[in-house]
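The values are calculated or read from the model by the stated rules, or taken from the named source; none is laboratory data. Because the structure is a prediction, the values reported are computed rather than measured. Using ideal geometry, Cβ is built from the backbone for each residue, glycine included, and neighbour counts are taken over all protein chains shown. For the accessible areas, the whole protein counts, side chains as well, though only heavy atoms, and no ligand, DNA or RNA atoms are used. Shrake-Rupley method; radii C 1.70, N 1.55, O 1.52, S 1.80 Å.
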Amino acid sequence: MKILSRTLLMPLCGFGLFFSVAGMAADSTHPQPPVEHAHGMPPFDHEGMLPPPPPMMGLCHPGALFCASVASDNPTETIQKLTSVLPATTAGKHYEVRLAVVEVPDHLPMPPQADKNK
């Protein structure tokens, strides 16, 4: 049995080693140049569908002239205060202005905690 396992397993291990080394060598002989994709996103090849939107950067976007997030009991007064500190703008340019007032709960619900006595 010992001789039979040596005569069968040794050549199989050798072939496996040979093919794995040959496969890695074949991959490195033809390197592909990196492909540049729009917005740094991978290619989208689902025909007839729109590509997904680029990832959002959070509340403030690069190049924003002014960005603020404020918690307040009086949103109207807070908006007036924020407009008084806006930076100067250039005449003839177009700007995008976003405004959202969202109600925030007084107490956030606590997730149920597992019983530690068990």
- What length, rounded to one decimal in nm, is gained on full extension from Ala88 through to Cys67, with 0.36 nm per residue of separation minus their alpha-carbon distance? 6.2 nm
- Query: Can you pull the accessible area of Phe66 for me, 1.4 Å probe, Å² to the nearest 10?
  - Reply: 80
- Place the peptides 6-13, 72-79, 93-100 in order of packing, highest mean first, counting for every residue the other Cβ atoms within 10 Å and averaging per peptide. 72-79, 6-13, 93-100
- Once you put a point 7 Å from the Cα of His107 and another 7 Å from the Cα of Met24, both along the Cβ direction, what distance in nm separates them? 6.1
